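What follows is a single structure, written as structure tokens, with notes after it.
The values are calculated or read from the model by the stated rules, or taken from the named source; none is laboratory data. Remember, predicted model here, so these are calculated numbers, not experimental data. Here Cβ is always computed from backbone atoms with ideal geometry, including for glycine, and neighbour counts include all displayed protein chains. We work out accessible area using only protein heavy atoms, side chains counted, and drop any ligands, DNA or RNA first. Shrake-Rupley method; radii C 1.70, N 1.55, O 1.52, S 1.80 Å.
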Amino acid sequence: MTILMILLAIFGGAMLSVQAAINGQLGSKLGVLKTAFLTFSVGALITALLIFFFEPKYAVTLLDVPKWQLLGALCGVPYIVIMVIAVQRIGTAVATVAVIFGQLTMSMLIDNFGWLGNEAIPFSMYRLSAIICLGIALYFIYSSNKNVERLSDKNH
């Protein structure tokens, strides 16, 4: 089951990169905020249909949960808006790796301190190594963009 969840998470991450690339193009033609609105509107419609047809009944409703947990819905807005802008300027790969670097760093803090009601998972040298490796990957991907820009400037 763990392998399946990891594969599903990888697939979800791949879909975020596809979404970022598409939204970057759409944002340059339609506008950043209209693109974000379209993304959330279509997502809300599809999710509503999934809820209607597939969601089992729960004893707790949105009105019953702690109100701070509803704030999680706001976290997607900055992501979409930033990605629509960033992909146009730095490319899908750099923007995506930068997002993953931010996700990894924050998720390790959440794990380590058990923030937001999550079980604490202690920080380790392996986790530090992962952040360092991802930071190095971000540097190399960004540097390769700069090299391509230099080559294209020389050819023009």
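What to note about this one:
- Restricting 79, 58 to residues that are assigned to a helix (DSSP H, G or I) and among the hydroxyl-bearing types (Ser, Thr, Tyr) narrows the list to 79.
- Of all residue pairs spaced 6 or more apart or on separate chains, those with beta-carbon atoms under 8 Å, a first member in region 83-97 that is in contact (Cβ under 8 Å) with a residue 24 or more places away in the chain and outside any loop (DSSP other than H, G, I, E, B) and a second member that is among the β-branched types (Val, Ile, Thr) and crowded, with 21+ Cβ neighbours inside 10 Å are 84/35; 95/87.
- Boolean, residue 34 is basic (Lys, Arg), more than 16 Å from the chain's Cα centre (by Cα) and in a helix (DSSP H, G or I): yes
Conditions (1) part of a loop (DSSP other than H, G, I, E, B); (2) on the phi > 0 side of the Ramachandran plot; (3) open to solvent by less than 90 Å² (accessible area, probe 1.4 Å); (4) touching a strand residue (DSSP E or B) at 6+ places or on another chain (Cβ under 8 Å), marked per residue:
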residue	(1), (2), (3), (4)
106	no, no, no, no
116	no, yes, no, no
122	yes, no, no, no
126	no, no, no, no
142	no, no, no, no
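- All conditions but one from (1) among the polar types (S, T, N, Q); (2) within 27 Å of residue 23 (Cβ to Cβ); (3) modelled with pLDDT under 90 apply to residue 105; the one that does not is (3).
- Any hit, region 70-78, residues being of a type in the set (Val, Ile, Thr), at pLDDT below 95 and more than 29 Å from residue 26 (Cα to Cα): no
- Meets criteria (over 22 Å from residue 142 (Cα atoms) and not in a loop (DSSP other than H, G, I, E, B)) for residue 46: yes
- Enumeration of residues in region 13-54 that are open to solvent by less than 40 Å² (accessible area, probe 1.4 Å) and over 17 Å from residue 76 (Cβ atoms): 21, 31
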